Amino acid sequence: MAAAGRPGTGAEDLALLEKLLGLPKGSKYGAQGERKVPVLQTNNGPGLTGLITIAAYLVKQAKKDQLLGSTAEEKAVVQQWLEYRVTRVDGRSSKEDTRIILKELNIHLEDKVYLAGNIFTLADILMYYGLHHVMVDLTVQEKEKYLNVSRWFNHIQHYPGVRQHLSNVIFIKNRLYTNAH
């Protein structure tokens, strides 16, 4: 099965990641179960299952291990945000869940450039893909309410090779103030 669907679905996210990493096309992604868990059929044996497992495999295939973190702490933080993507972002079922996720991310990103601090990682890439359709639908006021998420998201969408065919999410950068004296 070829990757299809909107960003935020495992197979589509993996196809985008594969292209970003500069890997040759040709991987066959499928999905299994009610939750459409991604599956990759490898050439040498059993298939791989799960977004995080397959994404880490692709990163290692591309020899870009730095995207998984360099130190033990960075690797743990990257893993933490990858798990958050799968359990919280992919598992959300209501507008309230989405609001809580955006609030949690907004607090976390208050003093950080990237999810893992000051380094761009796989967590940023997969969180961007997982949140793309959410950010597209936010109003200007909602984007301003989650200013740290908006700053981070805008930064990631302009990172070379990340956005690809996904729509550019517009953020208003200049606020106009009137002098009401």
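Of the candidates GLU104, GLU74, GLU18, which one comes out as most mobile in a Gaussian network treatment of the chain with C-alpha springs shorter than 10 Å?
In this elastic network of the chain, the residue with the biggest mean-square fluctuation among GLU104, GLU74, GLU18 is GLU104.
Please build a GNM for the chain, connecting alpha carbons under 10 Å apart, and tell me which residue among VAL134, VAL78, VAL162 fluctuates the most.
VAL134
Starting from 0.36 nm per residue, how many nanometres of slack lie between GLU104 and GLU83 once their C-alpha separation is accounted for?
6.1 nm
Taking LYS145 as the anchor, which aspartates and glutamates have their alpha carbon closer than 19 Å to its alpha carbon, excluding any fewer than eight residues away along the same chain?
Straight-line reach from LYS145, under 19 Å: GLU96, ASP97, GLU104, GLU110, ASP111, ASP137.
Does the stretch 81-168 classify as rounded, prolate or oblate by the C-alpha gyration tensor (a ≥ b ≥ c root eigenvalues; a/c under 1.5 gives rounded; else a/b over b/c gives prolate, otherwise oblate)?
rounded
LYS28 to GLN66: extension gain in nm, 0.36 nm per residue of separation minus the Cα-Cα distance? Let's see the in-between values first.
Values: separation 38, 0.36 × 38 = 13.68 nm, distance 2.50 nm.
This chain segment gains 11.2 nm when fully extended.
Which entry in [x] 13.9; [y] 12.0; [z] 9.9 matches mean projected area of the Cα convex hull in nm² derived from the coordinates of this structure?
[y]
Taking a 21 Å limit on the Cα-Cα distance, which of the listed pairs LYS36/LYS103; LYS19/LYS63; LYS28/LYS60; LYS112/LYS143 fall beyond it?
LYS36/LYS103
For a quick check: with amide H placed at 1.01 Å from N, whose amide H comes under 5 Å from VAL37's, ignoring anything fewer than 5 positions away on the same chain?
Residues meeting the criterion, in which the H sits 1.01 Å from N, are GLN32.
May I ask you to compute the full-extension gain from GLU96 to LYS112, defined as 0.36 nm times their residue separation minus their alpha-carbon distance, rounded to one decimal in nm?
Full extension from GLU96 to LYS112 adds 3.3 nm.
In deg cm²/dmol, rounded to 500, what helix-only [θ] at 222 nm does the chain give when every DSSP H run of at least 4 residues adds -39500 (n - 2.57) and the total is split over its residues?
-14000 deg cm²/dmol
Just so you know, all these numbers are worked out from the coordinates, no wet-lab data involved. Predicted model only: the values in this text are computed from it and were never measured.
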